[in-house]
Amino acid sequence: MIPRDHEPVPTALRAALGQDFAPVAPLSPPWKRALRLAIPTLILVGAAMLLLPPRGPISASSLPGAGFSVLEWLVGLTLVWLALREAVPGLGVGARRALAALGAGIGLQLALGFLLWQRSGASLGGPHAAAHGAACAAMEGALGMPSLAIAVWLALRALPLRPCWSGALAGAAAGLLADSLWHLVCVRYDLEHLLVWHFSATLVLTLLGAGWSSRRSRRALAA
Amino acid sequence: MEQTTQYEAREPPPDDLPDLMSRYQAGDEAAFEELYGRLARAVRGYLRTLAAPGTDVEDLVQNTFLQIHRSRRSYLPGEPVRPWLYAIARHVGLMARRSSGRRARREIQAEDELPEVAVLSRAAGALDRIALGRALRVLPPAGREALWLHHVAGFSFREIAAVQGVSETAAKVRAHRALVALRGEIAEAGK
């Protein structure tokens, strides 16, 4: 029974809704949905640590290798969680916090790149550095694409009201998750390679995430 | 301390809304009707604080509930309903304002649509409600929105922060500045 002082649903709205009152399964909390990305990426990073042969000055199972990877993976996963939170109306982290989180994630990747270079004692890139760097960035970008697709898809299943931020967080997360694996595989430790080429993959994924999410969200809202 | 008191919500939020939303998600049409019945009036008032002049607010209310219906799965069980619902309403309102492309001075609200803010009722003897409506209209949109949500809809600042996507402190500052500006406008109009 609806109390008398309550407004009835207008006829036009009732007609627009039609008989579409089918039960819907509510979304799980963002942290639970973020686990869908955690498990496959963790398996990949773990396998790389255990299976990759020692190469170069830093082995995959050493502290700078494994430790930095785990740290990047954890921060990447936190960004996925924030992207999924941002996609739920009323739970959003807001533009300022999203920007701070993006800055922290990107800053971490740059800082770890710098530390890796310091630990490795590598010199400048040498000949063909740009070609190797571009190939490395392309590989890392390709590695991040599945994570980006899954994170954006998970975000769009909710209702991102600031899809640009949600997508950018998802993209940066995909970049960090990819880098956490790729820096175990990559054998180049010169500063230019780590800061320019590895970082550029994350940057491209971030921009791609923002654009992709905005476009898909606009379409969904207009439908 | 005085400021803290003036920021207390006017009415406690209804706590059975999460159950209502869960029933709605489970396919209970009556739950939607009850949700609409209980919240449509407040949502309409809120959308008026966001809408550009000449906008059909009733249309916005219906669009909001249509959007709510389409994205009802995005409500997380157990979470407060109003921040979720008002965030969607805000989005609908802001989209309409942007698409209207008009940033002109807002229309004066009709008499029966004015928010019943404590400070407003005190001033009602000195000013008529239309003048009060004008005073509200010159406030910055974000501040007016925060003021309305807190003093009319009874939102806590945490809930306002969730709706506006800002920190709780920023929401408090917005509402406080709007209140100060409103007092200034009322004093100016009373001269």
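Key figures
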| quantity | calculated |
| --- | --- |
| Within region A:30-222: Cβ-based charge dipole about Cα centre, in debye rounded to nearest 20 (Lys, Arg +1; Asp, Glu -1) | 840 debye |
| Residue mean of other protein chain beta carbons inside 10 Å, B:26-37 | 5 |
| Likely footprinting exposure, A:GLU192, B:GLU188, fewest C-beta neighbours within 10 Å first | B:GLU188, A:GLU192 |
| FRET efficiency for A:ALA47 and B:VAL138, using Cβ-Cβ distance with R0 set to 45 Å, rounded to 0.05 | 0.10 |
| Summed residue charge, Cβ within 12 Å of A:ALA201's Cβ, Lys/Arg positive, Asp/Glu negative | -2 |
| Cα-based Rg of chain A normalised by 2.2 N^0.38 Å, two decimals | 1.24 |
| Region A:21-26 - phi-based ³J(HN,Hα) in whole Hz, Karplus 6.51/-1.76/1.60, Gly and Pro as x | 10, 5, x, 10, 7, x |
| Dimensionless Rg over Rh [region B:30-92; C-alpha; Kirkwood] | 0.96 |
| Tail beyond 14 Å, pair distance distribution of region A:119-186 (Cα, percent) | 65 percent |
| Value at 222 nm in deg cm²/dmol, rounded to 500, when DSSP H runs of n ≥ 4 in chain A each add -39,500 (n - 2.57) | -23500 deg cm²/dmol |
| Rg/Rh ratio calculated on Cα atoms of region A:100-223 (Kirkwood radius) | 1.06 |
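Throughout, read-outs are computed from the coordinates displayed, never taken from laboratory work. Note that the coordinates shown come from a computational prediction; the quantities given were computed from them, not determined experimentally. A quick note on method: Cβ atoms are made from the backbone with ideal geometry, for glycine too, and the neighbour counts reach across all protein chains shown.
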